[in-house]
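Asks: The structure's right below; bear with me while I get my questions together.
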Amino acid sequence: MKTPSDRSQDQYWHSSHGLAVRKRRPTPRVRDGIAQAVILAAACFLSQPVYAQGEGFKGFPEMPPLLHSGKDARGAQWALARDGYLENSGNNFIKRAQQLKINGNDFRAEKVFGSEEKKHWVVVYETSALKARRDIYFDAERGGVRYVDSFHNISDKPAKTQIAYQTSLRSPWLNLYTTQGNVFDERLGSRDTGVFLRMPEDRENQGLLFLVCGERSNHKPGIETQNRADQLQMNFTLSLEPGQTQSIAYWIAQKAVTDASEIKTLTASFYRQQLFTNAVLPPELRATVVNFNFADADGIDIDPRSADLLVAINELTERLEILRTGQDILWVAPESQLSGDFGGKPLKAVSRFGDFEIAPSEIAAIQGGGGRGRQHKLFLRDGSVLQCELEAEELRLSGSEGWDLELDVSQIEYLLGRVSKDDGQIGEATNLFVQLHSGDVWGVEVSDEMVLDFMAPWGPFQVPMTGIVSMTYTKSPSPRYHVVLRDGSEITAFLVDRPLSFSASLPGTFEISAGEISGMWTAIGEIPKREEEIREIDDLSDVKFPACLLKGGNLIAGHLANEVLHVVTGATVTPLKTDEIVAMLRTYEEESELLPVFEIELTGGDVLVGTLREDTLRVETEHFAWSVPVPHFLSLHVPPEKP
């Protein structure tokens, strides 16, 4: 009798999503009933159309040398060979990437189908015992290629199949990291989902991400480098029963990173919480994947922006080292969880913002009392978090094996709701999230007239809340805020306390004090940095707008308002118009703290080195103007204007 998984595999290989390839010669002799069944299944597969009509797929009468060649939205060059691997074509560091070998033999395309408009191709290869296909999707906006390589045993015997992916580069990589941002050391860690090759900075696009397995997958690949920094091989072993299909799914992405901590952010744009995001992955194909444990998740291919909005619950699941899946999870202890279906009557939440009734379907997670009187916390699917006392009746968690638990919110530790496409679905007017020190989070509507007041070492400034990308409360070296603005500025400052009024969909209008705020982030998918992720900026070379860098890593999107600077070199004083300066960098050579030395580059390419006669520099931005003491000024960067 076939299991649901077997039936899903049959639907994938034998439905309208199968591919028509040339017919094989009739087998002269059928040894047993198993062989007969396999032959009938193969005949059914071979007779099906390429793809359902209307999907834009077509066969190529002649084998093209390249399936696709072009640039993504970041400007990275991609060239997809007809056998499915990536090759060099205007890219200055890839020779070949993810060349597929099956039991030591190269995968060779026999037929190719695809749609250039949809950037989606399927490549087919067949041996006497195995049918293989590569389903390839190019996402130009995110700068990645999604593969699903499927292997179908058409013999009458079980088969152990060795799958190898080989990558070779034109020059050695600089670092090999895991997707957690750690230096790779022989094998992937328990929370790693792949590796990242960081190339030297003189190489275009500078990095290659391989997202190859889920955190808890039983099919994590072995990764070999042959003690060379220009070759990488990933190995999988598949055990295929007669008529069985298994698939390996993965993403490859190109992007420059300046810090290993950025790798996690890059990974999160393709895979998060056991979910591929926007991967164009049909359900019948997804059911055959072995290296990611997401076959039962109903939130597959959710918008990555929506998942980012669940900032609080993402932090919770990371702290608990657990992932939300396609089932509700009762978290008891690090090594003890139950998965099932959560339901019951609406919960009553009593909070300082009012009393509310919340249906179980609206809940992304619950922090219970834990049997020790801990205050409850309710995580909603729109990203809101409510610190409250919960009153609940007839809450239950039931399992497919027939067990049924009645839940007491005062006793449970955590309940994690299943991933859903309702996650991150916010109100139309919501454009900012506000987090309080109490743990409450609300999605609110703000306007240009709503402002926050800050105090920086160089003076006060005021910013409209619509101009804030994120704001993070930091405790070291003293309590203050790291503020990222839409103009590109990153400033560390103190928040001036005063009453504030907001409007949110659930509590309506509410008032708080500015001093209660622990963080803010925009409702357009920008992930706020945690305190430990904040790095002091020390270089403006990659900044795309006019900017000044001040002490403490404060990046100011603005310009010098001094009309003239006087550069002192020895006994000579040279007046320079500031509109002729394109770069100014503190050298830290033979200088005192009170009399810094600068290297100043002019529009014509001339360079002067010396101290400044001025005591202060006038820094102006859209929001403020500061008089900055010269010892506090580190650099100025004015990028060339685009023609």
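The values are calculated or read from the model by the stated rules, or taken from the named source; none is laboratory data. Note that the structure is predicted; figures quoted are calculated from it, not measured. With ideal geometry, Cβ positions are generated from the backbone for all residues, glycine too; neighbour counts draw on all protein chains shown. The accessibility values were calculated without ligands, DNA or RNA, using every heavy atom of the protein model including side chains. Shrake-Rupley method; radii C 1.70, N 1.55, O 1.52, S 1.80 Å.
Asks: Which pairs do you get when a residue that is within 18 Å of P629 (Cβ to Cβ), found in the range 561-588, comes within reach of a residue that is of a type in the set (G, A, S) and surrounded by 15 or more Cβ atoms within 10 Å (Cβ to Cβ), reach meaning Cβ atoms under 8 angstrom, with the pair 6+ apart or on two chains?
Replies: Correct list of pairs: V567/G610; V568/G610; M584/S635; L585/S635; R586/S635.
Asks: So is K101 in contact (Cβ under 8 Å) with a residue 40 or more places away in the chain, open to solvent by 50 Å² or more (accessible area, probe 1.4 Å) and either part of a loop (DSSP other than H, G, I, E, B) or not hydroxyl-bearing (S, T, Y) (or both) or not?
Replies: It is false that K101 is in contact (Cβ under 8 Å) with a residue 40 or more places away in the chain, open to solvent by 50 Å² or more (accessible area, probe 1.4 Å) and either part of a loop (DSSP other than H, G, I, E, B) or not hydroxyl-bearing (S, T, Y) (or both).
Asks: Go through the range 433-460 and give me each residue that's part of a strand (DSSP E or B) and closer than 20 Å to E536 by Cβ.
Replies: F454, M455, A456
Asks: Could you check the range 496-543 and list, in sequence order, the residues that are open to solvent by less than 90 Å² (accessible area, probe 1.4 Å), within 18 Å of T265 (Cα to Cα) and part of a helix (DSSP H, G or I)?
Replies: E531, E533
Asks: A follow-up question, please. Taking the stated definitions as given, is I248 free of Cβ contacts under 8 Å to residues at least 40 places away in the same chain, buried (at least 16 other Cβ atoms within 10 Å of the Cβ) and either under 26 Å from N153 (Cα atoms) or β-branched (V, I, T) (or both)?
Replies: When the stated conditions are applied, I248 does not pass them.
Asks: Might you check whether a residue that is closer than 30 Å to R324 by Cβ, surrounded by fewer than 16 Cβ atoms within 10 Å (Cβ to Cβ) and not acidic (D, E) occurs anywhere in the range 440-460?
Replies: So far as the range 440-460 goes, no, none of its residues is closer than 30 Å to R324 by Cβ, surrounded by fewer than 16 Cβ atoms within 10 Å (Cβ to Cβ) and not acidic (D, E).
Asks: Identify the single condition in (1) open to solvent by less than 30 Å² (accessible area, probe 1.4 Å); (2) at pLDDT 95 or above that G181 does not satisfy, given that it satisfies every other one.
Replies: (2)
Asks: Please state which of the following conditions T277 fails to meet, knowing it meets all the rest: (1) over 16 Å from the mean Cα position of the chain (by Cα); (2) at pLDDT below 75; (3) open to solvent by less than 10 Å² (accessible area, probe 1.4 Å).
Replies: Exception for T277: condition (1).
Asks: Hey, which of the strands (runs of 3 or more DSSP E) in the range 311-362, taking only ones fully inside, have at least 1 residues that are in contact with a Cys (Cβ under 8 Å, 6 or more places away or on another chain) and without any contact (Cβ under 8 Å) to a residue 60 or more places away in the chain?
Replies: Counting at least 1 such residues, we get 347-351.
Asks: Out of the residues in the range 137-151 meeting the condition of being assigned to a strand (DSSP E or B) and more than 17 Å from G104 (Cα to Cα), tell me which one is most open to solvent (accessible area, probe 1.4 Å).
Replies: Only one residue fits best here, namely Y137.
Asks: What are the residues in the range 76-98 that are more than 19 Å from Y165 (Cβ to Cβ), assigned to a loop (DSSP other than H, G, I, E, B) and not hydrophobic (A, V, I, L, M, F, W, C), if any?
Replies: Listed by number, the residues that qualify are S89, G90, N92.
Asks: Within the range 474-494, track down each residue that is in contact (Cβ under 8 Å) with a residue 40 or more places away in the chain, touching a Phe, Trp or Tyr at 6+ places or on another chain (Cβ under 9 Å) and not in a strand (DSSP E or B).
Replies: Scanning the range 474-494 gives D487, G488.
Asks: Can you tell me which residue among A547, A571 is hydrophobic (A, V, I, L, M, F, W, C) and either touching an Asp or Glu at 6+ places or on another chain (Cβ under 9 Å) or surrounded by 12 or more Cβ atoms within 10 Å (Cβ to Cβ) (or both)?
Replies: Result: A547 is the single residue among A547, A571 that is hydrophobic (A, V, I, L, M, F, W, C) and either touching an Asp or Glu at 6+ places or on another chain (Cβ under 9 Å) or surrounded by 12 or more Cβ atoms within 10 Å (Cβ to Cβ) (or both).
Asks: Working only within the range 574-584, note down all residues that are open to solvent by 70 Å² or more (accessible area, probe 1.4 Å) and in a strand (DSSP E or B).
Replies: Once the filter is applied, which keeps residues that are open to solvent by 70 Å² or more (accessible area, probe 1.4 Å) and in a strand (DSSP E or B), the range 574-584 yields P575, K577.
Asks: Output the qualifying pairs, or none if there are none: Cβ atoms under 6 angstrom, residues six or more apart or on different chains, first residue in the range 210-233 and assigned to a strand (DSSP E or B), second residue of a type in the set (D, E).
Replies: Here the result reads Q233/E224, each pair linking the range 210-233 to a residue that is of a type in the set (D, E).
Asks: Counting only residues that are over 25 Å from the mean Cα position of the chain (by Cα) and open to solvent by less than 40 Å² (accessible area, probe 1.4 Å), how many does the range 75-98 have?
Replies: Matching residues across the range 75-98 total 3.
Asks: Does the range 381-419 hold any residues that are among the polar types (S, T, N, Q) and surrounded by 18 or more Cβ atoms within 10 Å (Cβ to Cβ), and which are they?
Replies: Listed by number, the residues that qualify are S384, Q387.
Asks: Within the range 482-495, work out how many residues are open to solvent by 60 Å² or more (accessible area, probe 1.4 Å) and modelled with pLDDT under 95.
Replies: 1
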